[in-house]
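The values are calculated or read from the model by the stated rules, or taken from the named source; none is laboratory data. Keep in mind it's a predicted model, so treat the numbers as computed, not measured. For neighbour counting, all protein chains shown are included, and Cβ atoms are generated from backbone atoms with ideal geometry for every residue, glycine included. SASA here: full protein model, heavy atoms, side chains in, ligands and nucleic acids out. Shrake-Rupley method; radii C 1.70, N 1.55, O 1.52, S 1.80 Å.
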Amino acid sequence: MNTNKLSMVLAFATITLTGCRKDDYIIPEEEEILPPQTVTTVEGFYLLNEGNMNMNKASLDYYDYATGSYRRNVYGEANPGATLGLGDVGNDIGIYGNKLYAVINNSNKVEVMDVKTNKRLQVIDVKNARYITFAKGNAYVSAYDGEAQLGDNSPNGFIAEIDTLSLDIKRSVKVGRQPEEMAVVGDKLYVANSGGYSPPNYERTVSVIDLKSFTKTKDIDVAINLNRLKADDYGDLYVSSRGDYYQTPSKLFVIDTKTDSVKKSFDLATSNFTIVRDTAYIIGSEFSYETFDWKINYSLIDVKNETLLVDSFLPQSVIDAIKTPYGIAVDPVSQNIYVTDAGDYVSPGTLYCIDKNGDIKFQVTTGDIPAHLAFKVTTTTQQ
């Protein structure tokens, strides 16, 4: 869950704390038939719905390209013994080999499932886990290492290294306060530190971890309140700053991993983005406490030439329909774009599919706060 949603979450605190469900039950699976897609190396995708804090409403959907079947709540159907369902606040998802990993933030765990059957293989305890990435037979999970609390007294976060065969935590390393997204480039892992719960004393660094020794080698000074971080194919990292929601705006920065230094920035609000081939697809959803209003943008960057493109990647009809832009993913083969709308944060959201020509292929109702997608690809890897 993003820190700029904190005030909205607190507004529902009374409801959620008094309404924690004592009689949790398995939410039944639902199926809807959508237009099928051409199956390439990509067979479909999983969508992780965050759900509201303290309500154990994280859920998992699956869209099958060949049949067009969109199945909601596939986790509960596959794991009837999990009486609390998938858990509390689904914060990230990833597929590596034959396993599906769901990071469940407020439940302090990573759920590991079989990617074909969705059946639980193991639960890995990680305190206040945030995001996950993979490299060379390992999964890397960022974590806050304690309850998120306002002020400077929160402990530094850490990165846990998990063996994807044994599913054991092998090593961990301390980074900055409230670490968020990560990316691996060569033998280095980069993590964006936010310090998002200690305004105005935010963190402002990207930590660099040597994967061989699993030690932090340096911190790269970037900007306050960092969040999203993605690598391109040219040795650069793109990292977003959420700003302070007052005078300091959200921006996007480019880090050269050869020198581990910032080489460029874009005055572009960036709440979420993905990089596919030579293009960064950016959602800007920036809130201001001065105006109590949101500024929204949908932007494209040519990452090869590091230039901002003029075209939006959404048709105007979708831009007009979306209330709260949230998740973004792009099929690496077809280049179909998937964008989610979190709506009012307490009701089922919407997933839109737009092809690379800007035409709407479908829209479908999801779980609450649809957020994170992972494409299921043909693989022979068994890790």
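Among the residues of segment 143-170, those identified as touching a strand residue (DSSP E or B) at 6+ places or on another chain (Cβ under 9 Å), farther than 15 Å from Lys109 by Cβ and buried (at least 16 other Cβ atoms within 10 Å of the Cβ) are Asn156, Gly157, Phe158, Ile159, Glu161, Thr164.
Taken together, the residues in segment 312-336 that are touching a residue at least 40 places away in the same chain (Cβ under 8 Å) and either surrounded by 17 or more Cβ atoms within 10 Å (Cβ to Cβ) or assigned to a loop (DSSP other than H, G, I, E, B) (or both) amount to 16. Among all positions in segment 206-214, there is at least one residue which is hydroxyl-bearing (Ser, Thr, Tyr), touching a strand residue (DSSP E or B) at 6+ places or on another chain (Cβ under 7 Å) and closer than 21 Å to Phe134 by Cβ.
Per this entry, Phe45 is not counted among residues that are modelled with pLDDT under 95, of a type in the set (Phe, Trp, Tyr) and buried (at least 16 other Cβ atoms within 10 Å of the Cβ).
Given the structure, is Val185 β-branched (Val, Ile, Thr) and open to solvent by 10 Å² or more (accessible area, probe 1.4 Å)? Judged against the criteria, Val185 is a match. When Ser194 is tested against (1) open to solvent by less than 10 Å² (accessible area, probe 1.4 Å); (2) under 30 Å from Pro80 (Cβ atoms); (3) polar (S, T, N, Q), just one condition goes unmet, and that condition is (2). Being more than 25 Å from Pro36 (Cα to Cα), out of contact with any strand residue (DSSP E or B) (no Cβ under 8 Å at 6 or more places or on another chain) and either of a type in the set (Lys, Arg) or open to solvent by 10 Å² or more (accessible area, probe 1.4 Å) (or both) is a property that holds for Asn106. Go over the candidates Gly358, Gly343, Gly349 one by one and state the one that is open to solvent by less than 60 Å² (accessible area, probe 1.4 Å), over 30 Å from Ala135 (Cα atoms), of a type outside the set (Lys, Arg) and not in a loop (DSSP other than H, G, I, E, B). Residue meeting the stated conditions: Gly349. Please go through segment 172-182 and pick out each residue that is in a strand (DSSP E or B) and either acidic (Asp, Glu) or open to solvent by 10 Å² or more (accessible area, probe 1.4 Å) (or both). Within segment 172-182, Ser172, Val173, Lys174, Glu180, Glu181, Met182 meet the criteria.
For segment 134-141, the count of residues that are of a type in the set (Phe, Trp, Tyr), open to solvent by less than 20 Å² (accessible area, probe 1.4 Å) and over 15 Å from Val112 (Cα atoms) is zero.
Please tell me if Lys376 is among the basic types (Lys, Arg), surrounded by 15 or more Cβ atoms within 10 Å (Cβ to Cβ) and in contact (Cβ under 8 Å) with a residue 60 or more places away in the chain. Against the criterion (among the basic types (Lys, Arg), surrounded by 15 or more Cβ atoms within 10 Å (Cβ to Cβ) and in contact (Cβ under 8 Å) with a residue 60 or more places away in the chain), Lys376 qualifies.
Restricting attention to segment 154-176, which residues are modelled with pLDDT of 95 or more and touching a Gly at 6+ places or on another chain (Cβ under 8 Å)? Walk me through it before giving the result.
Residues of segment 154-176 modelled with pLDDT of 95 or more: 157-176.
Scanning segment 154-176 gives Gly157, Asp163, Thr164, Leu165, Lys174, Val175, Gly176.
Flag set for Gly76, criterion: open to solvent by less than 40 Å² (accessible area, probe 1.4 Å), more than 19 Å from the chain's Cα centre (by Cα) and modelled with pLDDT under 95. Ile124 meets the conditions (1) open to solvent by 40 Å² or more (accessible area, probe 1.4 Å); (2) at pLDDT 95 or above; (3) out of contact with any Phe, Trp or Tyr (no Cβ under 8 Å at 6 or more places or on another chain) in every case but one. The failed one is (1).
The rows are residues; the columns are (1) hydrophobic (A, V, I, L, M, F, W, C); (2) under 20 Å from Asp232 (Cβ atoms); (3) modelled with pLDDT of 95 or more.
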| site | (1), (2), (3) |
| --- | --- |
| Arg277 | no, yes, yes |
| Ile282 | yes, yes, yes |
| Asp293 | no, no, no |
| Asp320 | no, no, yes |
| Pro332 | no, yes, yes |
| Val339 | yes, no, yes |
| Thr350 | no, no, yes |
| Lys361 | no, no, yes |
| Thr366 | no, no, yes |
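Can you pull out every residue in segment 56-68 that is open to solvent by 20 Å² or more (accessible area, probe 1.4 Å) and within 18 Å of Pro80 (Cα to Cα)?
Of everything in segment 56-68, those that are open to solvent by 20 Å² or more (accessible area, probe 1.4 Å) and within 18 Å of Pro80 (Cα to Cα) turn out to be Asn56, Lys57.
Scan segment 287-298 and tell me whether some residue there is within 28 Å of Ala374 (Cβ to Cβ) and in a loop (DSSP other than H, G, I, E, B). No.
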